[in-house]
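Have a look at the structure below before the remarks.
The numbers here are math on the coordinates, done by the rules we state, and not lab data. Computed from a prediction, not measured in an experiment: that's the story for all the values here. Cβ placement follows ideal geometry from the backbone for every residue including glycine, while neighbour counts extend to all protein chains displayed.
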Amino acid sequence: MSVPLCRLYLITPPVIDDAAAFARTFEAALDGGDVGALQVRLKDAPEAAIGAAVRALAPIAARHDVALILNDRPDLAARLNCDGVHIGQSDGSYEAARRAVGPGRIVGVTCHDSRDLAMDAAEAGADYVAFGAFFPTTTKATVHRPDPEILEIWQETMLTPCVAIGGITAANCRPLVTAGADFLAVSAGVWAHSGGPAAAVAAFNAEIAEGLKARPGA
């Protein structure tokens, strides 16, 4: 059996003041290597600002075959023709999100540190489940701190892809890759990297390659 891939899942900064400028930053990040998805996560922004960000980022994402995911808002994800939506446990049910976006788009679900929540989401039809926060993060308030073992168990027992999230950097990500993460969700670890976003993406991809080598059966 081939070793599953692990890819980067970028999350925007919590505030985007200039959508065009951030679009250039995003494109620069993609020069650093493989990225599987970008989540537009603008919690407190008005719909107009979210729409402006999506419209600026969508053509770049499409050119690079990066899935564009909107956080929280299935209705807006469908209206803006995003590739999918990510919902938290307080953002409504998977079923409601699926009805809003339709059968052809991605629906991902936050499951914190709970395999039970993740199994419920996977059995309902979620396209991926997200575990975290694995490390301290300033991006959002967190109360759940799963052990990387949850990724290993998930990889051994379930087919639905799993995303690791929370305080992940190129310096600390390798154990999560080895444990079984299919995606690493990263925000500040790329946008605030001292060498710039392209250097960050390159560093993450190098660490992912090494982490995959250490997976059992690799």
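Quick notes on this one:
- Screening the chain for whole DSSP H helices with an alpha carbon extent of at least 20 angstrom along the helix axis and a mean Kyte-Doolittle hydropathy of at least -0.5 yields 47-63, 197-213.
- Positive-end extreme of charge dipole, the chain - chosen from Gly167, Ala179, Leu8 (charges on Cβ): Leu8
- Averaged over residues, the count of other Cβ atoms within 10 Å places the peptides 101-114, 173-186, 20-33 in the sequence 173-186, 101-114, 20-33, highest first.
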